[in-house]
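Undergrad: Structure incoming, see below.
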Amino acid sequence: MYKYIIKRLLALIPVVLGVILLIFIIMSLTPGDPARIVLGNMASEEAIEEFREAQGLNDPLLVRYSKYVLEMFKGSLGSSYRTGHSVLSELLARFPATMQLATASILFALIFSVPIGAISALKQNSVFDNVGMIVSLIGIAMPAFWLALLLIITFSLNLRWFPSSGAGSWEYLVLPTIANGVSCFANIARITRSSMLEVIRQDYIRTARAKGVSKRDVTIKHAIRNCWIPIITIAGLQFGTMLGGTVIIENVFGWPGVGDFLLKSITSKDTPCVLGAIVLFTIVFSVVNLAVDIIYAYVDPRVKAQYK
Amino acid sequence: MKNNVSNSTKYQATPEELAILKKYKKRSWFNETWRGLRKNKGAILGLIIIAILILIVIFADMIYSYENIVIMPDYSIALQGPSSSHPLGTDEFGRDVLARILHGARLSLRIAIASTAISLSIGGIVGAYAGYIGGWFDTVLMRVMDIFLAVPNMLLALAIVAALGPNMFNLIIAIAISDIPRFARILRSSVLSIKDTEFVEASKAAGAGTSTIVFREVIPNCLAQIIVQASIVMAYAIIIAASLSFIGLGVQPPAPEWGAMLSSGREYMRNHNYLVLFPGLAIVITVIAFNMLGDGLRDALDPRLKK
Amino acid sequence: MEHEISELKVENLVVRYDTEDSIVHAVNDVSFEVPKSITMGLVGETGAGKTTTALAIMRLLPDPPAKMISGKIMFNGEDINSYSEVKMDATRGQEISMVFQDPMSSLNPVMTVGDQIAEVIMLHQNKSKKEAALGAEEMLRMVGISSDRANEYPHQFSGGMKQRVMIAIALACNPKILIADEPTTALDVTIQAQVLSVMKDIKKKYDTAMILITHDLGVVADICDTVAIMYAGRIIEFGTIEEIFDDYKHPYTKGLFGSLPNLERRNEKLKPIKGIMPDPSDLPAGCHFHPRCEYASEICKTMVPERIYFSKTHYVECLGYKKGSGVEIKGGDIK
């Protein structure tokens with residue numbers, strides 16, 4: 001099992017390198033001179049040229065890429081065009097805030113969505129089920145940032161229960177978590193429901209009932225254990241979507257995380273920062289996907305057998 | 001009447017059996033799908049909403065002229081709440097919100113359809129060939145797809161739009177590119193599942209080239225899955241387009257994209273929350289419609305396979 | 001045969017499936033008794049209503065769309081339909097057990113085999129986890145599986161072994177009645193023999209009353225004491241194994257035996273019964289078998305046959321044996 005984990009971690013490296021190359025290529029498609037974009041129209045030709053030399057912008061793409069990767073293995077992600085600070089230190093400073101929000105959101109989603117999805121399946125076509133499914137449909141369709149605005153209007157501006165921006169004590173975390181987590185909640189509730197509906201029709205559930213296991217226990221002890229795989233799969237994917245969404249949510253709530261940093265860097269054309277942030281998100285997402293695969297093995301012994 | 005089980009293998013079907021067989025043959029694929037869809041109330045609702053949207057797209061210009069109403073400012077009536085002359089109010093430039101939302105539908109649908117069509121074509125072809133040809137070609141292509149998929153979805157589109165410059169065309173390209181891996185995967189797995197079946201072998205024996213086989217035999221078989229995924233992807237495209245426009249990296253003002261409207265409305269939301277309410281509702285309704293249609297299609301097309 | 005006290009008595013069972021497309025009359029007035037230590041074979045083609053009958057006895061009918069319309073299921077002098085949910089849960093697995101048809105999917109894939117057997121022990125007997133685990137190992141040995149394998153998962157077992165695990169689960173609490181629904185159908189012939197031999201041992205050892213659902217007359221001959229032939233939701237012939245095998249009466253039974261390959265008469269053609277099982281949502285009027293019956297006459301199309309007894313234990317539902325019905329079956333001579 002450990003061999004498998006190590007193998008997967010090593011396999012991450014080419015993927016990350018590939019992503020860096022991809023982003024490099026994308027960034028190079030920018031029309032115009034990056035130096036001029038950063039320094040502005042007023043800057044002199046010498047200043048532009050100096051900047052270009054300092055940042056290695058005169059080298060061809062593959063050379064720049066290789067230099068970047070080498071620097072990365074040495075532990076540096078370059079420095080911000082704007083502030084000159086080390087990109088790595090900026091990212092590390094903001095990383096905990098983003099992870100805090102992402103973790104809170106997914107926990108919030110999981111804690112409510114799994115039971116609701118399961119109960120909806122057991123009481124198929126009941127009022128609970130129909131209402132639950134309608135709410136989920138709406139939850140999936142709502143853009144997180146719109147929900148964020150609505151939450152701010154209702155709970156910050158009108159009711160004054162929660163602050164609308166910034167970070168600090170737990171009250172600051174509530175609204176961003178809900179805004180971020182509702183779409184995730186809706187998706188997981190739906191997959192839990194459909195997974196449970198399928199599992200309940202399986203023969204081994206009938207066997208359990210024939211053994212004398214009560215309806216309640218059948219659900220808790222037999223059914224749910226077989227639902228986890230699709231649920232965890234979706235949860236992993238949703239985590240990725242949330243990571244992407246932090247760019248906007250952190251902006252709306254003034255949450256000082258990596259997403260907010262990325263957005264600011266994009267607007268100011270600060271390429272090393274943009275690159276660093278996207279790479280960081282990619283690594284986090286990939287590690288999460290690996291975690292999902294490992295959890296599969298614990299949940300389903302058939303999968304575990306494959307990993308050996 | 002005795003049953004003759006003779007040396008020949010022909011089975012003499014009784015009249016009852018023939019009648020039953022005839023009943024099932026009449027239902028063609030399309031008929032069955034339509035019947036299944038009709039049963040699903042949500043899907044029908046989705047279909048109706050999309051039909052309305054398409055009508056709006058076609059007729060929006062006649063209801064509200066783009067030049068005069070949608071983008072022309074009139075500060076004298078700025079920031080008015082919903083009233084009889086302006087059912088959804090006016091924005092900070094005095095423009096009628098309802099007019100902007102109706103025109104915004106054109107933008108959203110255009111973006112959704114264009115980006116989905118592009119990613120479906122490119123992704124589908126890439127995936128189908130990869131699956132069919134196999135070998136290193138397949139491996140390389142799939143590694144590349146993995147790299148694309150390793151980046152959280154919206155960030156990829158974000159990076160592309162940021163690099164190319166924010167406008168609608170680049171937005172479409174960005175969203176299309178970020179959805180290519182999904183369609184590539186679907187087509188590839190469909191191809192793999194029927195690659196070694198008999199009718200493909202028969203085609204090969206008849207001398208059909210790779211491309212012919214891919215297009216004639218393989219792709220029509222995955223049509224069901226493609227259609228379902230397409231509707232889901234279109235729904236998602238609308239959300240991404242709105243999200244990117246919200247942060248200024250999508251469709252630029254004064255175009256009435258729903259996300260962009262939310263962005264400018266944000267400043268005034270304290271006292272004019274209708275500016276934030278209605279464009280958002282438009283997004284939600286449209287996305288729900290596509291999702292319900294996609295769900296309905298999935299349910300209608302799947303059981304058919306099981307039968 | 002001595003009159004034994006019956007473990008299970010089913011009286012006038014009627015079960016219907018109400019789906020959105022149609023109403024399926026799965027079981028149409030079925031009655032039988034199973035005394036202690038007797039094995040009753042419930043024979044019929046697919047769709048005859050055998051599994052539905054078994055599920056009705058276990059009160060495991062999928063409800064919707066299945067509905068038990070009427071009938072009594074007497075066990076221990078009480079109608080189990082009157083049991084509360086809790087009492088029924090306590091009865092299943094302990095007093096009445098069932099082994100299902102398809103062993104491949106009948107075991108929970110994420111639980112060890114030992115745990116699944118131990119579960120039924122812990123449910124009904126006041127044993128600790130350890131004791132239950134030991135009991136599970138003993139059950140495994142009894143069905144011929146090494147007890148070392150108790151910690152393995154279902155996917156690590158073959159079909160035949162899984163079926164034996166199912167039997168172990170069903171018998172762990174020594175039930176009075178065991179219902180086995182085509183326990184050997186999904187297995188190949190050699191494994192079939194093994195499973196049947198296990199069941200025979202159990203029968204001898206514990207005096208369990210058994211209902212063996214099958215469409216295989218060879219299995220019936222091997223292990224059953226009485227036989228109920230089921231067609232379109234009714235028992236159309238019932239008797240001891242000698243009575244049915246040596247002296248069957250119903251034209252359908254004749255058809256079942258006639259379609260068996262016979263080594264001694266190799267050159268004769270197989271005689272399958274013409275036609276197909278009727279659609280249970282659209283049953284023929286009168287005698288349900290009349291469209292396929294070579295002896296059918298006008299009266300069979302409208303009149304439902306009643307039971308005609310040939311002995312205390314042997315009856316048939318066929319107008320051909322009813323005096324004055326006008327149906328010609330040269331009395332007792334349909335061979």
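The values are calculated or read from the model by the stated rules, or taken from the named source; none is laboratory data. Small disclaimer: the values here were computed from a predicted structure and weren't measured. Methodologically, a virtual Cβ is constructed for each residue, glycine included, from the backbone with ideal geometry; neighbour enumeration extends over all protein chains shown.
Undergrad: Can you name every one of the helices (runs of 4 or more DSSP H) wholly within the range A:198-300 that holds 3 or more residues which are within 21 Å of the chain's Cα centre (by Cα) and away from chain B (no Cβ under 12 Å)?
TA: A:224-253, A:271-299
Undergrad: Looking at the range C:278-312 only, could you name the residues that are among the acidic types (D, E) and exposed (fewer than 14 other Cβ atoms within 10 Å of the Cβ)?
TA: Once the filter is applied, which keeps residues that are among the acidic types (D, E) and exposed (fewer than 14 other Cβ atoms within 10 Å of the Cβ), the range C:278-312 yields C:D282, C:E294, C:E298, C:E306.
Undergrad: Tell me, please, whether a residue that is more than 14 Å from every other protein chain (Cβ to nearest Cβ), surrounded by fewer than 24 Cβ atoms within 10 Å (Cβ to Cβ), on the phi > 0 side of the Ramachandran plot and charged (D, E, K, R) can be found in the range C:202-223.
TA: Yes, because at least one residue in the range C:202-223 is more than 14 Å from every other protein chain (Cβ to nearest Cβ), surrounded by fewer than 24 Cβ atoms within 10 Å (Cβ to Cβ), on the phi > 0 side of the Ramachandran plot and charged (D, E, K, R).
Undergrad: A further question follows. Can you name every residue in the range A:111-143 that is free of Cβ contacts under 8 Å to residues at least 24 places away in the same chain, within 10 Å of chain B (Cβ to nearest Cβ) and part of a helix (DSSP H, G or I)?
TA: A:I134, A:A141
Undergrad: On to the next question. For the range B:195-205, check the following and say yes or no: at least one residue is more than 14 Å from chain A (Cβ to nearest Cβ), more than 30 Å from B:F59 (Cβ to Cβ) and touching a residue at least 24 places away in the same chain (Cβ under 8 Å).
TA: Yes: one or more hits.
Undergrad: Okay, moving on. Does the range B:157-169 include one or more residues that are outside any helix (DSSP H, G or I), touching a Gly at 6+ places or on another chain (Cβ under 7 Å), modelled with pLDDT under 90 and farther than 16 Å from B:S121 by Cβ?
TA: Yes - at least one qualifying residue is present in the range B:157-169.
Undergrad: I would also like to ask the following. Could you run through the range B:278-288 and say how many residues are crowded, with 21+ Cβ neighbours inside 10 Å and either over 15 Å from B:M234 (Cα atoms) or more than 9 Å from chain A (Cβ to nearest Cβ) (or both)?
TA: 4
Undergrad: Give me the residue from the range A:22-40 that is within 7 Å of chain B (Cβ to nearest Cβ) and of a type outside the set (S, T, Y) and, out of that set, surrounded by the most Cβ atoms within 10 Å (Cβ to Cβ).
TA: So the residue we want is A:I23.
Undergrad: If you check C:V14, C:V30, C:V99, C:V24, which single one turns out to be within 24 Å of C:D222 (Cα to Cα) and either among the aliphatic types (A, V, I, L, M) or in contact with a strand residue (DSSP E or B) (Cβ under 6 Å, 6 or more places away or on another chain) (or both)? Show your work before the answer.
TA: Details: C:V14 fails: within 24 Å of C:D222 (Cα to Cα); C:V30 fails: within 24 Å of C:D222 (Cα to Cα); C:V24 fails: within 24 Å of C:D222 (Cα to Cα).
Exactly one of C:V14, C:V30, C:V99, C:V24 is within 24 Å of C:D222 (Cα to Cα) and either among the aliphatic types (A, V, I, L, M) or in contact with a strand residue (DSSP E or B) (Cβ under 6 Å, 6 or more places away or on another chain) (or both), namely C:V99.
Undergrad: Please identify the pairs in which a residue from the range B:173-192 that is more than 22 Å from B:I160 (Cβ to Cβ) has its Cβ atom under 7 Å from the Cβ atom of a residue that is of a type in the set (S, T, Y), counting only partners at least 6 apart or on another chain.
TA: Listed pairs, sorted by first residue: B:V191/B:Y132.
Undergrad: Return yes when B:I125 is in a helix (DSSP H, G or I), buried (at least 20 other Cβ atoms within 10 Å of the Cβ) and more than 9 Å from chain A (Cβ to nearest Cβ) and no when it is not.
TA: no
Undergrad: Need at least 1 residues that are modelled with pLDDT under 70 per element, so show me which helices (runs of 4 or more DSSP H) inside the range B:183-259 make the cut, counting only ones lying wholly within it. Spell out the reasoning first.
TA: Working: elements: B:198-205, B:210-213, B:223-246.
By residue number, B:198-205, B:210-213.
Undergrad: Here is a follow-up. Can you name the residue in the range C:96-124 that is among the acidic types (D, E) and within 9 Å of chain A (Cβ to nearest Cβ) and is also farthest from the chain's Cα centre (by Cα) among such residues?
TA: Looking at the filtered set, the residue picked out is C:E119.
Undergrad: Can C:L178 be described as at pLDDT below 90 and touching a strand residue (DSSP E or B) at 6+ places or on another chain (Cβ under 9 Å)? Explain how you work it out, then say what you get.
TA: Values: at pLDDT below 90: no; touching a strand residue (DSSP E or B) at 6+ places or on another chain (Cβ under 9 Å): yes.
No.
Undergrad: Within the range A:94-119, work out how many residues are surrounded by 16 or more Cβ atoms within 10 Å (Cβ to Cβ) and closer than 19 Å to A:T233 by Cα.
TA: Of the residues in the range A:94-119, 12 are surrounded by 16 or more Cβ atoms within 10 Å (Cβ to Cβ) and closer than 19 Å to A:T233 by Cα.
Undergrad: Please tell me if B:R188 is within 12 Å of chain A (Cβ to nearest Cβ) and basic (K, R).
TA: So B:R188 fails the test.
Undergrad: Also: Taking the options C:V220, C:V198, name whichever one is within 23 Å of A:G212 (Cβ to Cβ) and outside any strand (DSSP E or B).
TA: Result of the check over C:V220, C:V198: C:V198.
Undergrad: Given (1) more than 17 Å from the chain's Cα centre (by Cα); (2) closer than 28 Å to C:Y248 by Cβ; (3) within 14 Å of another protein chain (Cβ to nearest Cβ), where does C:H25 come up short, assuming only one miss?
TA: So the condition that C:H25 fails would be (3).
Undergrad: Among the numbered criteria (1) in contact with a Pro (Cβ under 8 Å, 6 or more places away or on another chain); (2) crowded, with 23+ Cβ neighbours inside 10 Å; (3) more than 14 Å from chain A (Cβ to nearest Cβ), which one does B:G89 miss?
TA: (2)
Undergrad: Something else now. Pick out, from the range C:1-99, the strands (runs of 3 or more DSSP E) lying fully within it that include 2 or more residues that are surrounded by 23 or more Cβ atoms within 10 Å (Cβ to Cβ), free of Cβ contacts under 8 Å to residues at least 60 places away in the same chain and at positive phi.
TA: none
Undergrad: Here's a follow-up. Residues in the range A:41-60: is at least one within 14 Å of chain B (Cβ to nearest Cβ) and surrounded by 12 or more Cβ atoms within 10 Å (Cβ to Cβ)?
TA: Taking the range A:41-60 first, the residues within 14 Å of chain B (Cβ to nearest Cβ) are none.
The answer is no, given that none of the residues of the range A:41-60 is within 14 Å of chain B (Cβ to nearest Cβ) and surrounded by 12 or more Cβ atoms within 10 Å (Cβ to Cβ).
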